[in-house]
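*Asks:* This is the structure, below, for whatever I ask next.
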Amino acid sequence: MIEFIFTIDYEIYGNGEGSLKELVYEPAEKIKDIFEKWNARFVAFIEVAEIEMIEAIYTDQAIDLVKHQINDFYRNGFELGLHLHPQWYNAGYENGKWRLDYDEYNLCTLPGDRIKEIVDRSIAYLQKLLGLSDFTPFSFRAGNWLFQPTRTIAKVLVDHGIKVDSSVFKGGLQHQHKLDYRRALKNGYCWPFMDDVNVPDPQGQLIEFPIYAKMVPVWKLPTTKRIGLQLKVLTKIRAIKERFIRILDFIRLYHPLKLDFCRMTMKELTYVLAKEIQKDQINPGQFRPIIAIGHTKDLIDIETVDSLLQYLRTKDIPISTFKEIYSKYNLSDKCIKLMQ
C-alpha cells in the first residue's frame, strides 16, 4: 500500500534574504488552494526561528499575513511540522540585512541545554501564534537536513511529544557539515530510531520517514528547471570556499535525487512513481510511505503540483499527513517489519 505525503518547507532563504510575501506567503497560498481543490492536505514545516525573529524586529510587513496563514493552515486540517534553522536565534539586523549566527547552524552539535532551550522556545512560539497552549508539532525536520549527531536532539524531541522526523534523504552527503546518510540506503521506507538516525532501532521512540530519494547517475540530475533553482541557491552562497565545498558534494558518480515536486518535472515525477506503483502491484501488502519535499521559495511551477495531485487521484494513491498515517496504522510494528 502506498501512502503519499507532501511536505513543504515554509521559509525564505537560509542567509536571511528574501521577501516573506514573495517567497513564503504567496506561493503557500497558491499551493493551499490547489490542495483544497483536490480535498488533500500537506505537511507545512514551519521555520519558526526566522518567523519569530522577523516578527520581533518587524523587518517585513508580510509577517502578519504569514501568521494568519499558519493559523489558516491549522484550522483547515494541514499538519504543522516544526522546522528549525537555529542560526536565526542569535541573529542581528543591521543596515537592512540579517546577520545570522552560523556558529549555531547545526542544532544537533549544540550543547544539550541549548538544544532544549531552542526547541522549548520554538514550540512556545507556535503555541502562542495558534492560541493553543497544548499544541505540539507531530513532526520535525532539521534545517538543511542536519540531523547528526542524533542522540541528544532525538531525546529532546521525544520529551516534547514529537513522534516523527523527516530530515534524512538516503545517500545524502554534505562535507562541510559532516552530514552522511549513505548508511541509510539499506533501510526500508521508514524505521524507528533513537541514538543514530541512520540505524534502525526496534526500541526507538521516534520514527524516521525519509524524504524519498533514489541514487541516480550524476548526469541524470540536470534539467533546466533544477539547474535554474540550484544556481539561484548558489548565488546566495557568497564565500568561495563554501561554494567549492558545496560543489564537492555533487562530485560523485551517483547522487541522491530527492522527490522534489518543486524541482522535478512532471515526467520525472511520474517516472519515479510508476516504479513504485509497479512494486506495489506485485506486493500490495507492503507499507510504502512516499515522502515528497518542496520549498515555498522554489514553488514557481504550480501547474506541476496540480498535475501530480491529479495523477495520484487517478492511480487511487491516498495523500496523507504524518499524523494521519500514524493513527491509521500501528507504525512501530509496520516499520519494524520493514527492517526485517
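*Asks:* Of all residues in segment 158-181, which are over 19 Å from ILE211 (Cα atoms) and at pLDDT 95 or above?
*Replies:* Correct list: VAL158, ASP159, HIS160, GLY161.
*Asks:* From ILE291, ILE300, which residue is among the aliphatic types (A, V, I, L, M) and within 16 Å of PHE45 (Cβ to Cβ)? Outline the logic, then answer.
*Replies:* Working: ILE300 fails: within 16 Å of PHE45 (Cβ to Cβ).
Criteria check complete, one pass: ILE291.
*Asks:* With the condition kept exactly as written, say whether any residue in segment 134-148 is part of a loop (DSSP other than H, G, I, E, B) and touching a Ser or Thr at 6+ places or on another chain (Cβ under 7 Å).
*Replies:* As a first pass, look at segment 134-148 and keep what is part of a loop (DSSP other than H, G, I, E, B): 134-138, 146-148.
Of the ones still in play, those that are also touching a Ser or Thr at 6+ places or on another chain (Cβ under 7 Å) are 147.
Yes: segment 134-148 contains one or more residues that are part of a loop (DSSP other than H, G, I, E, B) and touching a Ser or Thr at 6+ places or on another chain (Cβ under 7 Å).
*Asks:* Something else about it: Quick check on my filter: what residues within segment 147-188 are more than 21 Å from GLN87 (Cβ to Cβ) and polar (S, T, N, Q)?
*Replies:* Matches in segment 147-188: ASN187 only.
*Asks:* Do any residues in segment 123-146 that are over 13 Å from HIS85 (Cβ atoms) have Cβ atoms under 8 Å from those of residues that are among the basic types (Lys, Arg), where the two are at least six apart or on different chains, and which pairs are they?
*Replies:* Pairs found: LEU129/LYS67; PHE138/LYS163; PHE138/LYS323; SER139/LYS163; SER139/LYS323.
*Asks:* Same structure, new question: Out of everything in segment 263-286 that is assigned to a loop (DSSP other than H, G, I, E, B) and free of Cβ contacts under 8 Å to residues at least 60 places away in the same chain, what residue ends up being nearest to GLU3 (Cα to Cα)?
*Replies:* From segment 263-286, those assigned to a loop (DSSP other than H, G, I, E, B) are 263-265, 283-286; that's our starting set.
Subsequent filtering for residues that are free of Cβ contacts under 8 Å to residues at least 60 places away in the same chain retains 263-265, 283.
Details: ARG263: 21, MET264: 20, THR265: 21, ASN283: 14 Å.
Within segment 263-286, the match that is nearest to GLU3 (Cα to Cα) is ASN283.
*Asks:* Specify the residue that is nearest to LEU331 (Cα to Cα); the eligible residues are those in segment 182-197 that are free of Cβ contacts under 8 Å to residues at least 40 places away in the same chain and not basic (Lys, Arg).
*Replies:* First pass over segment 182-197, keeping only residues free of Cβ contacts under 8 Å to residues at least 40 places away in the same chain: 182-186.
Then drop every residue that is not not basic (Lys, Arg), which leaves 184-185.
Values: ALA184: 19, LEU185: 20 Å.
Only one residue tops the list, namely ALA184.
*Asks:* Mind listing whichever residues of segment 8-33 are more than 23 Å from ASN106 (Cα to Cα) and in a loop (DSSP other than H, G, I, E, B)?
*Replies:* SER19 - this is the single residue of segment 8-33 that is more than 23 Å from ASN106 (Cα to Cα) and in a loop (DSSP other than H, G, I, E, B).
*Asks:* Among the residues of segment 182-208, which ones are part of a loop (DSSP other than H, G, I, E, B) and over 16 Å from ARG151 (Cβ atoms)? Break it down into steps so the answer makes sense when it comes.
*Replies:* We begin by selecting, within segment 182-208, every residue part of a loop (DSSP other than H, G, I, E, B); these are 187-190, 194-205.
Answer for segment 182-208, where residues must be part of a loop (DSSP other than H, G, I, E, B) and over 16 Å from ARG151 (Cβ atoms): ASN187, GLY188, TYR189, CYS190, PRO202.
*Asks:* In addition: Does ARG99 satisfy the criteria of being under 22 Å from THR7 (Cβ atoms), surrounded by fewer than 15 Cβ atoms within 10 Å (Cβ to Cβ), modelled with pLDDT of 95 or more and basic (Lys, Arg)?
*Replies:* No: the conditions fail for ARG99.
*Asks:* Quickly run through segment 77-95 and pick out the residues that are acidic (Asp, Glu) and in contact (Cβ under 8 Å) with a residue 60 or more places away in the chain.
*Replies:* Of everything in segment 77-95, just one residue is acidic (Asp, Glu) and in contact (Cβ under 8 Å) with a residue 60 or more places away in the chain, namely GLU79.
*Asks:* Could you check segment 36-77 and list, in sequence order, the residues that are assigned to a loop (DSSP other than H, G, I, E, B) and crowded, with 24+ Cβ neighbours inside 10 Å?
*Replies:* Step one: filter segment 36-77 for residues assigned to a loop (DSSP other than H, G, I, E, B), giving 38-42, 58-62, 76-77.
Within segment 36-77, just PHE42 meets the criteria.
*Asks:* Going by the structure shown, is VAL119 touching an Asp or Glu at 6+ places or on another chain (Cβ under 9 Å), at pLDDT 95 or above, farther than 20 Å from LEU20 by Cα and of a type outside the set (Phe, Trp, Tyr)? Give the steps one after another, and end with the answer.
*Replies:* Working: touching an Asp or Glu at 6+ places or on another chain (Cβ under 9 Å): yes; at pLDDT 95 or above: yes; farther than 20 Å from LEU20 by Cα: yes; of a type outside the set (Phe, Trp, Tyr): yes.
It is true that VAL119 is touching an Asp or Glu at 6+ places or on another chain (Cβ under 9 Å), at pLDDT 95 or above, farther than 20 Å from LEU20 by Cα and of a type outside the set (Phe, Trp, Tyr).
*Asks:* Every residue in segment 96-116 that is more than 29 Å from SER19 (Cβ to Cβ) and assigned to a loop (DSSP other than H, G, I, E, B), please. Explain how you work it out, then say what you get.
*Replies:* Of segment 96-116, the ones more than 29 Å from SER19 (Cβ to Cβ) are 108-116.
Correct list: LEU110, PRO111.
*Asks:* Next question, about the same structure. Being within 14 Å of CYS262 (Cβ to Cβ) and small (Gly, Ala, Ser) is the filter here, so list the residues in segment 292-327 that pass it.
*Replies:* Within segment 292-327, ALA292, GLY294, SER307 qualify.
The values are calculated or read from the model by the stated rules, or taken from the named source; none is laboratory data. Note that the coordinates shown come from a computational prediction; the quantities given were computed from them, not determined experimentally. Here the Cβ is made from the backbone with ideal geometry for all residues, glycine too, and neighbour counts use every protein chain on show.
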